[in-house]
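Worksheet: the structure to be examined is printed underneath.
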Amino acid sequence: MLVNRKLILAHFWLAFAVFGIALTLGAWQMFIRSPIGTWLSNPELYYRSLTAHGTVMGYVFPTLVAMGFGYAISEAALQQRLVGVRWAWVGFWLIVAGSVMAVIPIALGRASVLYTFYPPLIGNVFYYLGVVLVVVGSWIWVALMSVNLRVWRRAHPGAPVPLAMFANVAGSYLWAWTAVGAALELLLQIIPVAAGLKSTIDAGLARVFFSWTLHAIVYFWLMPTYIAYYTIVPRAIGGRIYSDSMARISFILFLVVAMPIGMHHTFADPQVGAGFKFIHSAFTALVALPTLLTVFTICASVEIAARLRGGRGMFGWIRALPWDNPMMLALAFSFIMLGFGGAGGLINMSYQLDASIHNTQWITGHFHLIFGGAIVIMYFAIAYDLWPHLTGRELIDVRLIRTQLWLWFIGMIVTTFPWHWVGILGMPRRMAYFDFGDPAIAPQALSVTLSAIGGFILLASGIMFIVILARGMRTPKIDAGPYRFALAVHQPATVPVALNTHALWVALMIGLTLTNYGYPILNLALSSGTSVPAVYVGAQ
Amino acid sequence: MSAEETHQASAEVAARVERRWATIAVIIVVMMALLAAFAGIHRATMPQPRVETIDPARIHLSGEFVEGNLGSVLEANGTVTVRAIGQQYSFTPACIVVPADTPITLRATSADVVHGILIQATNVNTMLVPGYISEQLMRFTRIGDYLMPCQEFCSFGHEGMWGKVKVIDKAEFADRAKGGGRLSCVGQ
């Protein structure tokens, strides 16, 4: 039962529109710093583009997808009209206003600080205020998800919360708390300096605050993808969820352990001691657990579909899968990219191995493979799956959809594999150009060229995606029927309170964050003499 | 067996398989943490352990990072200490000279924004955060030139911030160090 289709469509369309712009900028960046591009006479343009690309892809695009998908889940899974539609529109327009407010200083070259802010570099204050507005808009969504679940619970006392909604609300709480780190950095440190109220800033403390957000935000991006793995894929390919409770445990684990691990981004930093670096490294290993559980459960769920379709044998069932189904294709691609990206991630979070790839192109390759690859390809799949229910029209270009998914997969592999490789060779991140004439850098030219070609393949795929959705707005009307989520093999009649509510886990999430971050933050905040003069960007 | 009983039996099989996999997953995770702890304690391979602070507004006036103290110095115990500064958009010294097969301590900081030091083809990789001192232990086995780019975005000239490390023979370094002072390979 999707009632507020216009609201959901608005979120998706805005998400994919800004995604298209940021994707184009990304492809241009790959080109301009590769040997096939000519050197920029003004490298600052590159960093403008990079700031816009990161800000949109990191903050605006996934947030809008999570919100739109969240509203759809709330209505379809709870079978209840969205409560607080007016507030939802307020949140939407706050994101529009915030994005515009942030993009103008970026376009003017007044905020080329990258989406990771990097104080003591300080950009125009409106850039940061714009980001804050985007986050505030998304917090309205968090509140609405909580309110809608509460309304449903009151009407269905003791009933198991549908898995999709349980996960969706877990994701929203995760985001609310994750965003606090960057919010503290912005409100307490950066914005006072950008507004001219202060002129010094503690860069080390800022990096610790940002690490709080920087890692768990990835799990916020991941949530819609995991929700799709569990609650859309099995239904779309004609199977069942292997285990409802394991799914709940995975989402709970993400909620609890995604947060207190961010300092693995600061292994190479001088402002954090070895003890907390180790604790965060160990906790990061723990976050592999929900993914390992998910891979098992989803493979088992897919096997159920294959066997229901007559698949036989130890591995023979794989052939019986509906490979012409875009959802099947997207899942397979997503898993392959998750596998490579996850293996790379284990290296990044490793206490010892990180030093060999920290801040090299390996890292850029890694998160593009995980986020741009494994996660975003499922965003596409979610959109394809929801579209007929939102527009009341059929997506008829199934062949085109398959081509689009194939291109995205190939493009992502061609882009990120060479990227990882030059990272191992020690190529640093975020440079507007490289002197490929230097004999020490020349061997990297081929890999960088390959990456740039991959970027164009991705751009082509992204354009196809938008064209498919746009054409889906004009096909003849159909009745798509009610939107359904996958059922478990053993659909639970009752669920233990711990797997049906979030309060305990939210308390654990906050508690663990405080134990893992409290001391380092207080220690840095209370030590004097570490604030350094701000360096204003774009100021003449 | 009734349908209800079959259902129940298969649910138990499913739960058992799942528990087995969960156990394997937990063992993998615990092993990873233990390996990291072992390597950290036994081989002393770990990220920078200590936190040292410094006032970047005064580094050029007094203390460890004044200009005359930057570069490589042969210590009495045979080890080498290298002191360097990163600033928009260069390292000082821009060319660091060190001996091969010698324990070296790199001590560096930033004079303005966040930078990073990465020596290509090695595991030497650290952030330079203004207000804090970074320390890395290193040892080179191969003589030659290494590129040393800044690995963190430090504003519009970041792409031009490349330094160099020159690893020379141990005896040659000792010879050059005889005259005292701080060594570098700037202009060579």
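The values are calculated or read from the model by the stated rules, or taken from the named source; none is laboratory data. Source: prediction; values computed, not measured. Cβ placement follows ideal geometry from the backbone for every residue including glycine, while neighbour counts extend to all protein chains displayed. Side chains are part of the model used for accessible areas, which takes the heavy atoms of the whole protein and leaves out ligands, DNA and RNA. Shrake-Rupley method; radii C 1.70, N 1.55, O 1.52, S 1.80 Å.
Give me the residues in region A:510-540 whose solvent-accessible area, probe 1.4 Å, is reduced by at least 50 Å² once all protein chains are included instead of the chain isolated.
A:530, A:532
Just want to confirm a number: the relative contact order over region A:256-310, from Cα pairs under 8 angstrom separated by 6+ residues, in percent.
The value is 35 percent.
Give me the distance between the Cα centres of region A:99-151 and region A:72-97, rounded to whole Å.
So the separation of the two Cα centres works out to 20 Å.
Please report how many Lys pairs in the protein assembly as shown have alpha carbons closer than 29 angstrom, counting only residues at least 8 apart along the chain or sitting on separate chains.
Taking the protein assembly as shown as the scope, the lysine pair count is 4.
Scan around residue B:140 for amide H atoms under 5 Å from its own, H built in the peptide plane at 1.01 Å from N, and keep only partners 5 or more places away or cross-chain.
Under 5 Å from the amide H of residue B:140: B:101, B:102.
Contour minus end-to-end for residue B:101 and residue B:69, with contour as 0.36 nm per residue of separation and end-to-end as the Cα-Cα distance?
Computed gain between residue B:101 and residue B:69 is 9.2 nm.
Between residue A:435 and residue A:200, how many nm apart are label points set 7 Å from Cα along the C-beta direction?
3.7 nm
Taking a ≥ b ≥ c as the square roots of the eigenvalues of the Cα gyration tensor of region B:33-188, is the shape rounded (a/c under 1.5), prolate (a/b larger than b/c) or oblate?
rounded
Report the calculated FRET efficiency for residue A:153 and residue B:38 (r = Cβ-Cβ distance, R0 = 45 Å), to the nearest 0.05.
Here the calculated transfer efficiency is 0.40.
Heavy-atom accessible area per residue, chain A, 1.4 Å probe: how many Å²?
Averaged over the residues of chain A, the accessible area is 35 Å².
Could you quote the convex hull projected area for region B:48-136, Cα atoms only and averaged over all directions, in nm²?
6.0 nm²
In whole percent, and with a 1.4 Å probe on the protein chains, what portion of the accessible area of the protein assembly as shown is carbon and sulfur?
Ligands and nucleic acids excluded, carbon and sulfur give 66 percent.
In region B:19-124, which GluC sites (Glu not before Pro) are in a loop and have at most 16 other Cβ atoms within 10 Å, using DSSP for the loop call?
B:64, B:75
So which residues in region B:130-164 end up with at least 50 square angstrom less accessible surface once the other protein chains are there, compared with the chain by itself, probe 1.4 angstrom?
Correct list: B:132, B:147, B:151, B:152, B:153, B:156, B:159, B:162.
Give the distance, in whole Å, between the Cα centre of region B:113-188 and the Cα centre of region B:2-57.
Rounded to whole Å, the Cα centres lie 37 Å apart.
With the solvent-accessible surface defined on protein heavy atoms using a 1.4 Å probe, which residues belonging to region B:16-30 display a reduction of at least 10 Å² in accessible area in the multichain context relative to the isolated chain?
When all protein chains are present, B:17, B:18, B:21, B:22, B:25, B:26, B:28, B:29 each give up 10 Å² or more of accessible surface.
In the protein assembly as shown, which cysteines lack any other cysteine Cβ under 4.7 Å from their own?
Lone cysteines by the Cβ rule: A:299, B:150, B:154.
Starting from the Cα coordinates of the protein assembly as shown, work out the convex hull volume and express it per residue in Å³.
164 Å³
How much net charge surrounds residue A:30 when only other residues with a Cβ under 14 Å from its Cβ are counted (Lys, Arg +1; Asp, Glu -1)?
Residues close to residue A:30 contribute a combined charge of +3.
Rounded to the nearest 100 Å², what is the buried accessible area between A and B, both sides summed, probe 1.4 Å?
Adding both sides of the contact gives about 5000 Å².
Would you mind working out the accessible area per residue for chain B, using a 1.4 Å probe, and quoting it in Å²?
48 Å²
Explain nothing, just the number: relative contact order of chain A, from Cα pairs under 8 Å at least 6 residues apart, as a whole percent.
Computed over chain A, the figure is 22 percent.
Can you give the accessible area of residue A:41 in Å² (nearest 10), computed on protein heavy atoms with a 1.4 Å probe?
Surface accessible to solvent at residue A:41 totals approximately 120 Å².
Grab the beta carbon distance between residue B:27 and residue B:57, set R0 = 60 Å, and tell me the FRET efficiency rounded to 0.05.
So the FRET efficiency works out to roughly 0.70.
Counting other Cβ atoms within 10 Å, which trypsin sites (Lys or Arg not before Pro) in region B:1-52 have at most 15 and lie in a DSSP loop?
Of the trypsin sites (Lys or Arg not before Pro), the ones in loops of region B:1-52 whose Cβ has at most 15 other Cβ atoms within 10 Å are B:43, B:50.
How much length, in nm to one decimal, is gained on full extension between residue A:187 and residue A:100, taken as 0.36 nm per residue of separation minus their Cα-Cα distance?
29.4 nm
Write out the trypsin sites (Lys or Arg not before Pro) in region A:309-349 meeting two conditions: DSSP loop, and at most 16 other Cβ atoms within 10 Å of their Cβ.
A:309, A:312
If I model a spin label at residue A:484 and residue A:36 as a point 7 Å from the Cα along the Cα→Cβ vector, what separation in nanometres do I get?
The two pseudo-label positions are separated by 4.7 nm.
For region B:52-177, what does the relative contact order come out to in percent, with C-alpha contacts under 8 Å and a separation of six or more?
Averaging sequence separation for qualifying contacts and normalising by length gives 27 percent for region B:52-177.
Please give the per residue volume of the convex hull enclosing the alpha carbon atoms of region A:447-540, rounded to a whole number of Å³.
Per-residue hull volume (Cα only) is 383 Å³.
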